[in-house]
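The values are calculated or read from the model by the stated rules, or taken from the named source; none is laboratory data. It should be emphasised that the depicted structure is a prediction, and the values quoted were computed from it without experimental measurement. Cβ sites come from the backbone with ideal geometry, for glycine too, and all protein chains shown count toward neighbours. Note: areas computed on protein heavy atoms with side chains; ligands, DNA, RNA excluded. Shrake-Rupley method; radii C 1.70, N 1.55, O 1.52, S 1.80 Å.
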Amino acid sequence: MASSDFNGILLGMGNPLLDVSAVVDQDFLNKYDIKLNNAILAEDKHLPMYDEMSEKFSVEYIAGGATQNSIKVAQWMLQIPGATSYMGSIGKDKYGEAMKKDATAAGVNVHYYEDESAGTGTCGVCVVGGERSLIANLSAANCYKVEHLKKPENWALVEKAKFYYIAGFFLTVSPESIQLVREHAAANNKVFTMNLSAPFICEFFKDVQEKCLPYMDYVFGNETEARTFSRVHGWETDDVEQIAIKISQLPKATGTYKRTTVITQGADPVVVAEDGKVKKYPVIPLPKEKLVDTNGAGDAFVGGFLSQLVHGKAVEECVRAGCYASNVVIQRSGCTYPEKPDFN
């Protein structure tokens with residue numbers, strides 16, 4: 001394919017958040033009732049933590065949000081300007097400006113909805129011993145309107161794309177937008193992918209998630225999310241391989257593609273289920289002293305995976321690219337990467 005064929009080939013929609021990232025201590029986690037390796041929405045009790053993080057610890061600000069991370073990594077892996085597009089809602093403030101600058105510099109074609117009334121969303125990234133916990137204060141990210149998607153210049157991005165990726169977190173914000181995109185994908189034989197994203201999505205947004213499932217050609221998640229999904233659906237199994245197969249065999253809205261389930265397990269092998277069979281792929285080993293933080297590891301995996309999927313590569317190549325991208329990201333702070341990928 002010529003590089004012009006890749007113009008806008010991959011579209012992401014999600015919650016753009018500015019990561020407020022710091023290595024904290026156990027006392028801080030206890031104070032705000034934060035569990036490691038989890039992702040939650042901020043409650044009132046969490047709101048003071050963002051200021052406290054910047055007062056007490058050395059804080060970095062990095063443009064993030066799960067879907068935006070994955071799209072930026074896919075863009076980095078592809079090295080074709082404008083191959084990816086992204087939509088979500090930011091505030092009209094300095095954080096929003098920083099986000100726009102960062103994503104544009106990364107080569108992503110961003111079409112943000114700018115909300116007048118709320119500040120750009122932030123995500124507290126608390127790192128202890130390399131493990132991360134995410135506390136998202138959605139703010140403006142929660143204000144995305146389906147009307148923005150329907151504007152001709154934005155809907156044009158949907159029509160141009162052949163692959164779509166939406167993290168499960170967006171289910172809490174604009175299920176109507178997701179519905180339009182997934183129905184377009186199904187009607188036009190395009191590839192629609194989503195992520196389980198967090199245990200709380202599988203539990204508390206089960207109904208909207210279930211409406212999307214028939215449209216998902218690829219389902220991503222990690223082992224904790226997979227086990228929560230299984231429990232919520234009454235499957236009575238904790239076996240990640242069995243859960244992956246069961247998810248891949250749920251009914252589909254179109255017969256064009258089989259569903260593939262891809263479950264990451266940290267340092268353990270990636271589980272891929274399709275056609276009622278499971279394959280496991282080892283991740284690239286990393287000595288503990290090289291691990292900086294796991295924030296963005298799952299997002300980077302998806303970005304790497306999608307970068308090869310849009311090239312029409314086999315699943316094992318997609319997984320290899322995902323493992324490469326996440327290996328790069330966990331050796332750095334936040335979901336960041338060097339100027340050029342070293343993936344062949």
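Given R₀ = 22 Å, what would the calculated FRET efficiency be for K340 paired with Y61, taking r from the Cβ atoms and rounding to 0.05? Between K340 and Y61 the formula returns 0.40. For the range 279-344, the C-alpha radius of gyration divided by 2.2 N^0.38 Å, with N the number of residues, is 1.07. Packing around the peptides 144-152, 80-88, taken as the average count of other Cβ atoms within 10 Å per residue, puts them in this order, highest first: 80-88, 144-152.
Specify whether the C-alpha gyration tensor of the range 44-131 places it in the rounded, prolate or oblate class, a ≥ b ≥ c being the square roots of the eigenvalues: rounded for a/c under 1.5, otherwise prolate if a/b is larger than b/c and oblate if not. It is oblate, given that a/c is not under 1.5 and a/b is not larger than b/c.
Taken over the Cα atoms of the chain, the convex hull encloses 129 Å³ per residue. When the C-alpha to C-alpha distance is required to be over 28 Å, the pairs from K101/K150; K35/K150; K150/K252; K145/K211 that qualify are K35/K150. A simple charge model with +1 on the Cβ of Lys and Arg, -1 on the Cβ of Asp and Glu and nothing else charged puts the dipole of the chain at about 940 debye relative to its Cα centre. Residues of the range 108-126 with an amide N closer than 15 Å to a point placed 7 Å from the Cα of A98 along the Cα-to-Cβ direction: 119-125.
Whole-percent P(r), the range 181-231, all Cα pairs, 10 Å bins from 0: 26, 51, 20, 2.
Using a cutoff of 8 angstrom between alpha carbon atoms and counting only pairs six or more residues apart, the relative contact order for the chain works out to 18 percent. With all pairs of different C-alpha atoms in the average, the Kirkwood value for the hydrodynamic radius of the range 226-305 is 14.1 Å.
Spin-label model, E159/K313: points 7 Å from Cα along the beta carbon direction are separated by 3.2 nm. Using the Stokes-Einstein relation with a Kirkwood hydrodynamic radius computed over Cα pairs, the translational diffusion coefficient of the range 154-262 at 25 °C and a viscosity of 0.890 mPa s comes to 175 µm²/s. As a fraction of the 1.4 Å probe accessible area of the chain, surface on carbon and sulfur atoms comes out at 49 percent.
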